[in-house]
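Here is the structure we will look at.
The values are calculated or read from the model by the stated rules, or taken from the named source; none is laboratory data. Predicted model, so just to flag it, every value in this text is computed and none were measured. Don't worry about glycine lacking a Cβ; one is built from the backbone with ideal geometry, like all the others, and counts go over all protein chains shown.
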Amino acid sequence: MKPIIGVLPLYDKEKKSIWMLPEYLDGIRNAGGIPLIIPYEISNLDLIELDKHIDGYLFTGGDDINPILYKEKRTSFVKDYNDIRDSLEARLYKIAKENDKAILGICRGIQIINVLEGGSLYQDLDTFHPSKVSHKEKNKRHSVFLLHNTPFRDLIDEPYLEVNSLHHQGIKRIAQTLKGMAVSEDGIVEALYHPKMKFLWAFQWHPEYMLEEDSSKKIFEIFILKAMEKTEA
């Protein structure tokens, strides 16, 4: 049976509607999974019931995260954030973690996972971590170094990757429960994993925009493979 993957949607404030970029869904489908978009307005009881039928979760990109979640005051550099989304992802992450579901985070996804695990963010990279590396241009690549003795380096078997970038925030302090897997030329954390969970990988770049590349295919394939593995009782 194909695994069902719960996908956290984006939100359009003007239209007051949830929406989804098709590349996320393509990545899941191409790797053999069935994507299912999670509704925003849902109770904890319904999330728990829904979780019984879901094998893994994709935490997608999108708005900034309310800095109150990592115990900082909001600066003027924080753009739109959505407390409803923050709340939904916090509640769902707790349920998914308790049930050891496979989790993949992308862009905002790596940031919310790090925050929920106790880490923090740079509220604006240009201001608080200036460098020559552009992190905000989707079609411009930069290098990331894959750290030794980490699962992603073992999977890719390459020391470096050229990746895209589309974010103005980034990981400042890694949560103690997480470990780095990749770092950019200017020292920004680009990938994390949780060593005590069945599968929790998260990336700052967008592998869904590079689905034709082997590294991106492997990310989605191992995610779907791990989602199919049943957690031991």
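Kindly evaluate Y40 against the criterion of being over 21 Å from K138 (Cβ atoms), aromatic (F, W, Y) and at pLDDT below 95.
yes
Can you tell me which residue in the stretch 66-91 is farthest from the chain's Cα centre (by Cα), limited to those that are at pLDDT below 95 and of a type in the set (F, W, Y)?
Among those residues, the one meeting the criterion is F77.
Might you let me know whether the stretch 52-62 holds any residue that is of a type outside the set (A, V, I, L, M, F, W, C) and at pLDDT below 95?
yes
Select from the stretch 31-41 the residues that are out of contact with any strand residue (DSSP E or B) (no Cβ under 7 Å at 6 or more places or on another chain) and of a type in the set (G, A, S) and write down the one among them that is surrounded by the most Cβ atoms within 10 Å (Cβ to Cβ).
A31
Does E208 satisfy being in contact with a Phe, Trp or Tyr (Cβ under 7 Å, 6 or more places away or on another chain), surrounded by 23 or more Cβ atoms within 10 Å (Cβ to Cβ), among the charged types (D, E, K, R) and not in a helix (DSSP H, G or I)?
No; evaluated as a whole, the condition is false for this residue.
Tell me, please, whether a residue that is surrounded by 14 or more Cβ atoms within 10 Å (Cβ to Cβ) and hydroxyl-bearing (S, T, Y) can be found in the stretch 115-122.
Yes, that holds for at least one residue.
Could you please let me know if L146 is within 19 Å of N114 (Cα to Cα), touching a Lys or Arg at 6+ places or on another chain (Cβ under 9 Å) and modelled with pLDDT under 95?
No, not satisfied.
Just to verify a result, which residue in the stretch 144-179, among those that are without any contact (Cβ under 8 Å) to a residue 24 or more places away in the chain, in a loop (DSSP other than H, G, I, E, B) and not charged (D, E, K, R), is surrounded by the most Cβ atoms within 10 Å (Cβ to Cβ)?
Step by step, filter the stretch 144-179, then rank; the result is P159.
Within the group S165, S216, which residue is modelled with pLDDT under 95, hydroxyl-bearing (S, T, Y) and within 19 Å of K138 (Cβ to Cβ)?
S165
Kindly indicate the residue of the stretch 1-30 that is modelled with pLDDT of 95 or more and of a type in the set (V, I, T) and also surrounded by the fewest Cβ atoms within 10 Å (Cβ to Cβ) among those meeting that condition.
The extreme case among them is I4.
Please verify whether the stretch 129-143 includes one or more residues that are closer than 26 Å to V78 by Cβ, outside any helix (DSSP H, G or I) and at pLDDT 95 or above.
no
What number of residues within the stretch 180-192 are part of a strand (DSSP E or B) and either closer than 13 Å to G109 by Cβ or out of contact with any Pro (no Cβ under 8 Å at 6 or more places or on another chain) (or both)?
Residues meeting the conditions: 8.
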